[in-house]
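First the structure, in the form of structure tokens, and then the observations on it.
Since every read-out is calculated from the coordinates, none of them should be taken as a lab result. All values reported here derive from a predicted model rather than from experimental measurement. We place every Cβ from the backbone using ideal geometry, glycine too, and count neighbours over all the protein chains shown.
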Amino acid sequence: MAKAGNMEAYQLLHKGMLALARAERQGIRIDMDYVNRKKQQMTNKIEHLEEDFRDTKFFKDWQKRSKAKININSGQQLGDYLYKVLKIKVGKETKSGMGSTDEEALKQLNIPELDYLVKISKLKKIRDTYLDGYTREQVEGYIHPFFNLNTVVTYRSSSNSPNFQNVPKRDEFAMQTVRSAMFPRPGHLLLEVDYSGVEVRINACINKDKNLIKYIKDPTTDMHRDIAIQIFKLDEYDEKIEGHKTLRQAAKNGFVFPQFYGDWYKSCAENVACNWGELPKTKWKAGMGIAIGNTYLSNHLISKGILSYDKFTEHLKEMEADLWKNRFPEYAKWKDVWFAKYQKKGYIDLPTGFRCQGVMNKKQVCNYPGQNGGFACLLWSFIEADRIMQEENWDTRLIGQIHDSILLDVLPSELDHVVEVLYRITCTDLPKAWKWINVPLDVDMEICKVDEPWSKKKKYAFR
DNA sequence: GGAACTCGCCAC
DNA sequence: AAACGTGGCGAGTTCC
């Protein structure tokens, strides 16, 4: 509920709803011939994999020892067989305490036949959630995803029918398969304008941590680089050296962001070592993990005295303490003060004018301002761009939004002007309108050539 | 036959 | 002491 009498927060939602409705009505073009072709291809592939799986000893035994007909899509039936019939010791558990059958759990079991099931479910996810969703939702070759402003506790948006905010990106195959279905209108191009690190910047405005602000203001510094150097005990960071960029990514997505959200060192250690460094949870030997320059990550860490996963975990425990005690002490202090204030009042008032109330834990109380503020920046910019688009009679259209980015379907002759306007709105006009934004904002842009699908987007050097 | 649940997985 | 914040959605399952 917006703070009583706060017109600014109300207006943001009201105008936002109207601007988003225009994008919904416009829609995104889908190449339905491609979608149908691809779905058929994937169905054939899935059938082959299923046949191969049914031919394995593993499956035949599973079927023999089961009363009913096996459904190979059922995690529950698989879990029963693995953990109750075969009595394999449960490694990973689900939230409710059952033996997990997710990809990670199955990998740990070292049963090669289970690879079939992992492959099949990945293909089905792409086919049934995304491509089939577009078939179901399209009207004359356009999907019209909804963007809701009334569903999320932090006043972020959500999207449905189809959800436009969870289209695959990281997995290369899934990304290619799904995003190759999405096109601009004929003769147009797709442009994505993306606020860079907006949640962190908003958090800095709120918690006013001097070290965090310095990282944002001084372009010669790089927080994720510095943390990568510390995590991996690098003597130097050079993105030209093989593997260093990956280590920076690992530091950013495996440690810094999870820590900011309230995660703890043990799960960060798994993120960083297992997911990004590809190191096992054992004592390390030479030649393990990703390549770093002309050696391997394990060799490098061993040379620095980190001989095993356990040692690495201890190292991250120290880094966690260092992060909050030395690197961002004012941020840590703010969390305590902010939570104490919530406990006293029962709600939090955010600089955007919104109020969050109800039962919340400390992590929620401390995460909501950044999430709220980041999206509020996006929505304000979206509204402005929508207003100018109408005022100046653009043929270019806003067609979607993904929390901190805007997707536009652009008439090529309008591109330069659209880019200029979007850059001005996001990085100049917004900080002028909202005085509490006292760090610089920045955007990245990505673009596809005329008549190319969203899978082809490339960095756009607009400055 | 549908509502409500769990699980798994996609995004920021 | 416990251990990552916000969503949507498909499939399987259970309950009414």
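Where does each of A:157, A:267 land when they are ranked from fewest to most other beta-carbon atoms within 10 angstrom? Please report the intermediate quantities before stating the final value.
Numbers: A:157 22, A:267 12.
Going from least to most buried by this count: A:267, A:157.
At a 10 Å Cβ-Cβ cut-off, how would you order A:182, A:389, fewest neighbours first? Present the calculation step by step, with values, prior to reporting the outcome.
On the way: A:182 24, A:389 20.
Final ranking by Cβ density, sparse to dense: A:389, A:182.
Starting from the stretch A:129-183, pick out the trypsin sites (Lys or Arg not before Pro) whose DSSP state is loop and whose Cβ has at most 14 other Cβ atoms within 10 Å.
Details: sites: A:136, A:156, A:169, A:170, A:179; in loops: A:156, A:169, A:170.
Within the stretch A:129-183, the qualifying trypsin sites (Lys or Arg not before Pro) (loop, at most 14 other Cβ atoms within 10 Å) are A:169, A:170.
Please arrange A:202, A:72 by counting, for each residue, the other beta carbons lying within 10 Å of its beta carbon, fewest first.
Numbers: A:202 27, A:72 17.
Listing A:202, A:72 from fewest to most nearby Cβ atoms yields A:72, A:202.
So how far apart, in nm, are the two label points at residue A:87 and residue A:52 if each is 7 Å from Cα heading toward Cβ?
3.3 nm
Compute the distance in nm between two label points, each set 7 Å from the Cα along the Cα-to-Cβ direction, one at residue A:111 and one at residue A:357.
That separation, rounded to one decimal, is 5.2 nm.
Where does the stretch A:196-287 land on Rg(C-alpha)/(2.2 N^0.38 Å)?
1.17
Rank by packing, highest mean first: peptides A:81-88, A:421-428, with packing defined as the count of other Cβ atoms within 10 Å averaged across residues.
Averaged packing, sorted descending, gives the order A:421-428, A:81-88.
Just the Cα atoms of the stretch A:322-446, one point each, no solvent: what log10 I(q)/I(0) does Debye give at q = 0.13, 0.17, 0.23 Å⁻¹?
One equal scatterer on each Cα of the stretch A:322-446 leads to -0.67, -0.93, -1.32.
Out of all Cα-Cα pairs in chain A, roughly what percent, to the nearest whole number, are more than 37 Å apart? Kindly include the intermediate steps, with their values, before the conclusion.
On the way: 41374 of 106953 pairs.
Above the 37 Å cut-off, chain A has 39 percent of its Cα pairs.
Give me the Debye-computed log₁₀ of I(q)/I(0) at q = 0.20, 0.25, 0.31 Å⁻¹ for the stretch A:100-156, equal point scatterers on Cα only, no solvent, two decimals.
Relative scattering, expressed as log10 I(q)/I(0), comes to -0.80, -0.92, -1.13.
Counting only Cα atoms, I'd like the Rg/Rh figure for the stretch A:44-128, Kirkwood definition for Rh. Don't skip to the answer; put the middle values down first.
On the way: Rg = 12.6 Å, Rh = 13.4 Å.
Value, to two decimals: 0.94.
Compactness ratio of the stretch A:262-337: Cα Rg over 2.2 N^0.38 Å, N = residue count?
For the stretch A:262-337, the normalised Cα radius of gyration comes out at 1.27.
Using only the alpha carbons of the stretch A:110-209, determine the length spanned along each of the three principal axes and report them from longest to shortest in whole angstroms.
Result, largest extent first: 53, 46, 28 Å.
When the Cα centres of the stretch A:405-429 and the stretch A:117-181 are compared, how far apart do they sit, in Å?
Rounded to whole Å, the Cα centres lie 25 Å apart.
I need the per residue convex hull volume for the stretch A:254-393, using only the alpha carbons, in cubic angstrom as a whole number. If you can, show how the numbers build up before the last one.
On the way: hull volume 24.0 nm³, N = 140.
Here the figure is 171 Å³ per residue.
Can you find, among A:234, A:211, A:184, the residue sitting farthest towards the positive end of the charge dipole of the stretch A:173-247, where Lys and Arg contribute +1 and Asp and Glu -1 at Cβ?
Going by the Cα projections, it comes out as A:184.
Distance from the Cα centre of the stretch A:328-348 to that of the stretch A:220-298, in angstrom?
Centre-to-centre distance over Cα atoms comes out at 31 Å.
5 Å is the cut-off here: which amide hydrogens, built 1.01 Å from N in the peptide plane, fall below it relative to residue A:460, excluding neighbours closer than 5 in sequence?
A:445, A:446, A:447
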